[in-house]
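The values are calculated or read from the model by the stated rules, or taken from the named source; none is laboratory data. Given the structure is predicted, the values throughout are model-derived calculations rather than measurements. Glycine gets a Cβ as well: all are built from the backbone with ideal geometry, and neighbour counts include every protein chain shown. These accessible areas exclude ligands, DNA and RNA; they are computed on the full protein's heavy atoms, side chains included. Shrake-Rupley method; radii C 1.70, N 1.55, O 1.52, S 1.80 Å.
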Amino acid sequence: MVNEVKKIEETLEEVIDSYPAKSMKNRKEHIVIRDTSQDKQKIMANTRTIPGIISNRGCCFAGCQGVVLGPLKDVVHIVHGPIGCCYYTWGMRRNQAVVGENEKNFLNFSFSTDMQDSDIVFGGEKKLEQAIDEAMEIFNPGTIMITATCPVGLIGDDIHAVARRAQEKYGISVMAFSCEGYKGVSQSAGHHIANNELMEHLVGKKEIELEAEYPINLMGEYNIGGDAFEIERVLGKIGYKIIATFSGNGSAEAIMSAHEADLNLVQCHRSINYIAEMFREKYGVPWLKVNFLGVDQTIKSLRDMAKYFGDEKLIQRTEAVIAEELAAVEQSLAMYQDLLEGKTAFLFVGGSRAHHYQNVFKRIGIDTVVAGYEFGHRDDYEGREVIPDIKMTADDRNIPELEVEKDEQRYHLRLSKEKMEELAKEIPLNNYEGMIKEMEDGTIAIDDLNHHEQVKLTKILKPDIYCSGIKDKYTSHKMGVFSKQLHSYDYSGPYAMFKGHVNFARDVANGILSPTWGYINPPWKKEAGLEGNYGGD
Ligand code: CFM
Ligand code: HCA
């Protein structure tokens, strides 16, 4: 092990040795070699990228409009800004939805004020008002969300005042989000802005008659490649009632009743932990960290959920569904494992998938050697302790918008505070194990990876698969290493749960085992001199 670590340390020295001293010091703090003898290892994260370095990160607007709000199907999303910002966040993120008979779906449309030079000079508020009038006339939505791009903040258009006026004029919900792209250090600030407003303006606005026994919300699941459809199918089969999803295949209408749930499931901790926390504080609804990517983690999550509700009927139903779903995929997974055993993976994705997919790979024989987040915070890497002070009485909770009967039964108080704290020791209830702890000795955790580091690490460690996004996929292909996008799934999917795991294994095996990679000659294999011009080297 000592030798192994030394080798990895030398590798990292080689990766960062071309940086100027200050940048080298900075980058070192964002890289950790896993040492399982240490209980907690610290990493620097969620800090500004060094100017000049080519980062994979996106912006605050992408995090707010593109990620959190965009999937809400019954909303007309008006992007106040240049058309490119609108098109990017609409077209890139692959929102899919199923709609009931009386439900509205506007996901096929992309709405923007298409800001021009004259709007920058004279202001764009009038144009925004006009856009709202047009949307009302043509689409008549129940909710409009206005998101701000960089120029809006720079010229000072008051989108909140426009929203208030439109709300009065039309009697519908019109929300504005000050998520100008330049705010914060990454997409992460945008998640926060989106969640705050959803909590303030939607959650708690509508009561529903609850007939279901196990009402839950699905949080931090964005239906990439149809993952939410698969999760809905399996949870429905067990007997759960999903009140609202934040936000894949989700709707503003459903979010208004989200406070009626008994438990919040947190899939992507990074983008949604704020709202999960707010639910806990405001409505006393606890959150449970789940992972529905990969059969093993799915099984664990389903059992944790059953344990939370604690009733025998649900526990038995859970086991029956697990047995049925597993039986349908086990043989295929074993076949892919035989084909892929011993291969290695390099993962670099936003703020949760680099963690979640390590288990998916492991089950099919692939070890992760490097993993990193674009914009994860330290808790995503290092974990989060059980959050104490679980508020357990209806009086403790402050629910101003509603006329609430102070009825302990109605407002989710299934378990006593003591029972809740006891359970939190067994299942990730109001707590989260970060990525680093689950990684193996000698593997590398790296934050805010850049192209230079991607190329260097790939050349030295020679992984069999590089998993990331569109910005670096082809850099990897040019080096002869198969790359699978974990943001878009390369338009495949679903990858979630049981059947999804087989879809993933099939796509990965097809990619890695393709003879194509043997035909590619990366430049440095031909002429050493070319290396200097290649991929940010
Ligand atoms: Fe959460 Fe996401 Fe992710 Fe994320 Fe994203 Fe995404 Fe992602 Mo792209 S919310 S942190 S901001 S799981 S869009 S669905 S794939 S970077 S790892
Ligand atoms: C974003 C969205 C993104 C980008 C994906 C990629 C997504 O952060 O702006 O870079 O390939 O998943 O669509 O993360």
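Annotations for the structure displayed:
- Gyration tensor (alpha-carbon) shape descriptor, the chain, a/c threshold 1.5: oblate
- Region 455-496 and region 186-213 have their alpha-carbon centroids 34 Å apart.
- Bridges between two residues of the chain, per DSSP, are antiparallel at a rate of about 15%.
- Net charge dipole size for region 1-127 [Lys, Arg +1 and Asp, Glu -1 on Cβ; Debye, nearest 20]: 200
- With the charge dipole of region 410-494 set up from +1 on Lys and Arg Cβ and -1 on Asp and Glu Cβ about the Cα centre, the Cα lying farthest toward the positive end among the listed residues ILE427, THR458, TYR489 is that of TYR489.
- Total formal charge among the other residues, if their Cβ is under 9 angstrom from that of PHE292, Lys/Arg +1 and Asp/Glu -1: -3
- Under the span-like rule (Cα at least 18 Å along the axis, Kyte-Doolittle mean at least 0.0), DSSP H helices of the chain: 312-340, 497-512
- Separation of alpha-carbon centers, region 333-351 and region 272-291, rounded to whole Å: 32
- When each of LYS343/LYS425; LYS183/LYS205; LYS206/LYS282; LYS73/LYS313; LYS307/LYS437 is checked by Cα-Cα distance, pairs over 26 Å: LYS343/LYS425; LYS183/LYS205; LYS73/LYS313
- Unit charges on C-beta of K, R, D, E only; dipole of region 1-48, Debye: 340
- For VAL99, VAL369, VAL15, the ranking by accessible surface with the largest value first comes to VAL99, VAL369, VAL15, using a 1.4 Å probe.
- Lys, Arg +1 and Asp, Glu -1 on Cβ, resulting dipole of the chain about Cα centre, debye, nearest 20: 1240
- Chymotrypsin sites (Phe, Trp or Tyr not before Pro) restricted to DSSP loop in region 136-225 with at most 13 other C-beta within 10 Å: TYR182
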